[in-house]
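Remarks on the structure that follows.
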Amino acid sequence: QKDGFRFFMEKEIYEQSDVVSDCMLGRIKDNETFFDEIDASIIEGIKEIKICACGTSYHAGLTAAYLFERLSKVKCNVEIASEFRYKEPLLTDDTLFIVISQSGETADTLEALKMAKNAGLKSLVVCNVDNSSMTRVTDYKILTRAGIEKGVASTKAFSTQTVVLWMLALYFAKEKNVIDNEVLQNELHALREVPKSLIVNDKIHEKTKRLSKRYLHGHGFFFIGRDVFFPLALEGALKLKEISYLHAEGYPAGEMKHGPIALADPELFTIALMPQNLLYDKIKSNVEELSARDSTICAVSPLDFELADDFIKTEKTDHYMLEFFEMLVALQLLSMEISIRLGNDVDMPRNLAKSVTVE
Ligand code: M6R
């Protein structure tokens, strides 16, 4: 049931704070993260992590790669499952193979997992559905506990996947003894705050409704960010594309000047993810360049930015990952409100299926 919400997607956006609390339940102790489903043997002899996934789950994987390298000090690369399958990948048994999937049934991801298993790699699936094809094939699994996700556009699956992967990065960091205790405490403190950051802020929801009136006429959208805010930009663009049918691209902000900035004009909306706690000055100068070329700028940030034509003001926090989750909700709401205003079926967008079980 939709419980009074207009669409399942809206309900699922509003549920994120609670499902992420469930997802963390019993998994954070005083000075470590912990999973019943795995033990330290999972990283014994591991020198590298390879992540494979599709769509939104791929974006969670890209986000995790920053966290695995930054916190766990393990080399990590991420591949789109459909590309991985046919590239004759070089696989070595010092690699932990992680697949991420809401459904556990996506054909390309499942086949990638089987390939890795056949090559003798240890495998882990981060999944929302127990007893799915992937959880049955893998060596290890971690469940995201998001509950059933009905909207085709993935929302709470992404936030729970990202939280699980962040906790996993800290688990590896602790097991490998590569994290300073003060840093670890700071990370754990931030993790505990995630459910708060995911509570829908009424003012932000109202703002996205207002912006949707003009934005539905946009002839193109850039979502830009740096570091983990780059995969978040990709996710924001994917949400807009799939439910609004508007053209949107996610870009690393520093790449704009290598080509895409040529498209800038007032009809091109740039959604700029400008976190206070990570590379603020760098992204600011990227956005200034776009503004100078007349792109319409919507800044998503806790800090005022005088060149912004529009503004979605997020809360000030002391950790970039909390900003990440605040901005995630804002982007989900923005695409949903544009889609509603266009009269689209938000939960069942055209041409899409919830689970892609064919390649
Ligand atoms: O079930 P999975 O996580 O494996 O699905 C992967 C993608 O098909 C999925 O994330 C898709 O991109 C969503 N519709 C995005 O909202």
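The values are calculated or read from the model by the stated rules, or taken from the named source; none is laboratory data. Since the model is a prediction, treat every value here as computed from it, not as a measurement. Virtual Cβ from ideal backbone geometry, glycine too; neighbours counted across all protein chains shown. Accessible surface is based on the protein model in full, side chains and every heavy atom, while ligands, DNA and RNA are left aside. Shrake-Rupley method; radii C 1.70, N 1.55, O 1.52, S 1.80 Å.
Quick notes
- Output for the range 120-148, where each listed residue is open to solvent by less than 10 Å² (accessible area, probe 1.4 Å) and out of contact with any Phe, Trp or Tyr (no Cβ under 7 Å at 6 or more places or on another chain): Val125, Val126, Cys127, Ser132, Met134, Thr144, Ala146
- Any hit, the range 96-108, residues being within 15 Å of the ligand (Cβ to nearest atom), among the aliphatic types (A, V, I, L, M) and surrounded by fewer than 21 Cβ atoms within 10 Å (Cβ to Cβ): yes
- Summed over the range 137-168, residues that are more than 10 Å from the ligand (Cβ to nearest atom), assigned to a helix (DSSP H, G or I) and within 19 Å of Met9 (Cβ to Cβ) total 4.
- Only one entry in Met134, Met115 is assigned to a helix (DSSP H, G or I), over 18 Å from the mean Cα position of the chain (by Cα) and near the ligand (Cβ under 9 Å from one of its atoms), namely Met134.
- Taking residues in the range 194-221 that are over 14 Å from Ser335 (Cβ atoms) and touching a residue at least 40 places away in the same chain (Cβ under 8 Å), and partners anywhere that are surrounded by fewer than 17 Cβ atoms within 10 Å (Cβ to Cβ) and among the charged types (D, E, K, R), the pairs with Cβ atoms closer than 7 Å and at least 6 places apart or on different chains are Lys213/Arg341; His219/Glu267.
- Residue among Glu235, Glu249 that alone is surrounded by fewer than 24 Cβ atoms within 10 Å (Cβ to Cβ), among the charged types (D, E, K, R), under 30 Å from Lys354 (Cα atoms) and touching a helix residue (DSSP H, G or I) at 6+ places or on another chain (Cβ under 6 Å): Glu249
- Output for the range 187-196, where each listed residue is open to solvent by 10 Å² or more (accessible area, probe 1.4 Å) and either closer than 21 Å to Leu238 by Cβ or out of contact with any helix residue (DSSP H, G or I) (no Cβ under 6 Å at 6 or more places or on another chain) (or both): His189, Arg192, Lys196
- Residue among Lys241, Lys213 that alone is within 16 Å of the ligand (Cβ to nearest atom), within 15 Å of Asn344 (Cα to Cα) and not hydrophobic (A, V, I, L, M, F, W, C): Lys241
- Pairs with Cβ under 6 Å, 6+ apart, first in the range 54-79 and under 15 Å from Met321 (Cβ atoms), second of a type in the set (D, E, K, R) and buried (at least 22 other Cβ atoms within 10 Å of the Cβ): His59/Glu235
- Ser123 fulfils the conditions (1) outside any loop (DSSP other than H, G, I, E, B); (2) within 14 Å of the ligand (Cβ to nearest atom) except for a single criterion, (2).
- Residue count for the range 170-184 satisfying the condition of being in contact with a helix residue (DSSP H, G or I) (Cβ under 9 Å, 6 or more places away or on another chain) and not in a helix (DSSP H, G or I): 3.
- Looking only at the range 161-186, and only at residues there that are among the polar types (S, T, N, Q) and closer than 13 Å to Met321 by Cα, the one that is surrounded by the fewest Cβ atoms within 10 Å (Cβ to Cβ): Asn186
- Qualifying position, being under 25 Å from Lys156 (Cα atoms) and in a helix (DSSP H, G or I), among Phe84, Phe68, Phe97: Phe68
- Test for Ser339: is it in contact (Cβ under 8 Å) with a residue 60 or more places away in the chain, within 30 Å of Cys54 (Cα to Cα) and of a type in the set (Ser, Thr, Tyr): yes
Per-residue answers, yes or no, for (1) in contact with a Gly (Cβ under 8 Å, 6 or more places away or on another chain); (2) away from the ligand (no atom under 16 Å from the Cβ); (3) in a strand (DSSP E or B):
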residue: Ala237; (1), (2), (3): yes, no, no
residue: Gly250; (1), (2), (3): yes, no, yes
residue: Thr270; (1), (2), (3): no, yes, yes
residue: Leu278; (1), (2), (3): no, yes, no
residue: Val300; (1), (2), (3): no, yes, yes
residue: Asp304; (1), (2), (3): no, yes, no
residue: Ala308; (1), (2), (3): no, yes, no
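- Considering only residues in the range 278-333 that are within 19 Å of the chain's Cα centre (by Cα) and among the polar types (S, T, N, Q), the one that is nearest to Arg226 (Cα to Cα) turns out to be Ser301.
- Residue match in the range 31-42 (condition: surrounded by 21 or more Cβ atoms within 10 Å (Cβ to Cβ), charged (D, E, K, R) and either outside any helix (DSSP H, G or I) or within 16 Å of the ligand (Cβ to nearest atom) (or both)): no
- Some residue of the range 198-213 being open to solvent by 30 Å² or more (accessible area, probe 1.4 Å) and of a type in the set (Ser, Thr, Tyr): no
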